[in-house]
Amino acid sequence: MRAYSRKFGEDEDKWAVTGLVHDFDYEKYPTAEEHPFKGNQILAERGCPEDIRRAIMGHAAYSGVPRDTRMAQTLFACDELAGFITAVTLVKPSKSLREVDAKSVRKRMKDKAFARSVNREDIVNGAVEMGLDLDEHIAFCVEAMRSVASELGLAGIVPVAGAQGETAEGAQ
């Protein structure tokens, strides 16, 4: 969200907060009847701006709230894709975003058993709604995530010399 906000000349902090809080209610209210509706109520009670709440509501296609702003479209387009890119990264030997590109993400998208809970249709439709080529959107998101790979825990693991099957993180 931050990277796209910069690209579009939008409020980076507002977009970042929207991306960070959009699923805050999911663990407690995971059903389509409750999420993101309960979260929207909580945010409204706490004075959260309407545009943030509408974007959050719109990220759930079943909410009936149209994605009529660039922020709402971007949240929808990045939501499933960010999780999918993370899953692709975690199956790489190094667990590093350095090994991930649009081609490797697209290849995994074809495997319906891989990260089966990720809605591939939402990934495709998100790019379409933003007016972007899917490969370009994926590449942009991979690069954006690479820029914060350490914070995401996706900077990779470094093998310990001489330790078979062990990593620096796993060594004592």
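A few remarks follow.
- Selection status of ALA44, of a type in the set (Gly, Ala, Ser) and modelled with pLDDT of 95 or more: yes
- Filter result for ASP101 (among the acidic types (Asp, Glu) and within 18 Å of GLY131 (Cβ to Cβ)): no
- Once segment 129-158 is narrowed to residues that are under 18 Å from PHE84 (Cβ atoms) and among the charged types (D, E, K, R), the residue that is surrounded by the fewest Cβ atoms within 10 Å (Cβ to Cβ) is GLU136.
- Qualifying position, being at pLDDT below 95, more than 16 Å from VAL88 (Cα to Cα) and not hydroxyl-bearing (Ser, Thr, Tyr), among VAL148, VAL158: VAL158
- Per the listing VAL65, VAL88, the residue uniquely closer than 18 Å to MET130 by Cβ and β-branched (Val, Ile, Thr) is VAL65.
- Residues in segment 73-103 that are outside any helix (DSSP H, G or I) and farther than 12 Å from ILE138 by Cα: 6 in all.
- Subset of segment 28-47 [of a type outside the set (A, V, I, L, M) and touching a residue at least 24 places away in the same chain (Cβ under 8 Å)]: HIS35, PRO36, PHE37
- The helices (runs of 4 or more DSSP H) found wholly in segment 1-72 and carrying at least 2 residues that are over 18 Å from the mean Cα position of the chain (by Cα) occupy 37-45, 50-58.
- Extreme residue, nearest to ARG67 (Cα to Cα), among residues of segment 105-123 that are touching a helix residue (DSSP H, G or I) at 6+ places or on another chain (Cβ under 6 Å) and in a helix (DSSP H, G or I): ASP122
- The residue list ILE85, ILE123, ILE56, ILE52 contains one member that is without any contact (Cβ under 8 Å) to a residue 60 or more places away in the chain, within 21 Å of ALA149 (Cβ to Cβ) and aliphatic (A, V, I, L, M), which is ILE123.
The values are calculated or read from the model by the stated rules, or taken from the named source; none is laboratory data. Nothing here was measured: the structure is a model prediction, and the numbers come from that model. We place every Cβ from the backbone using ideal geometry, glycine too, and count neighbours over all the protein chains shown.
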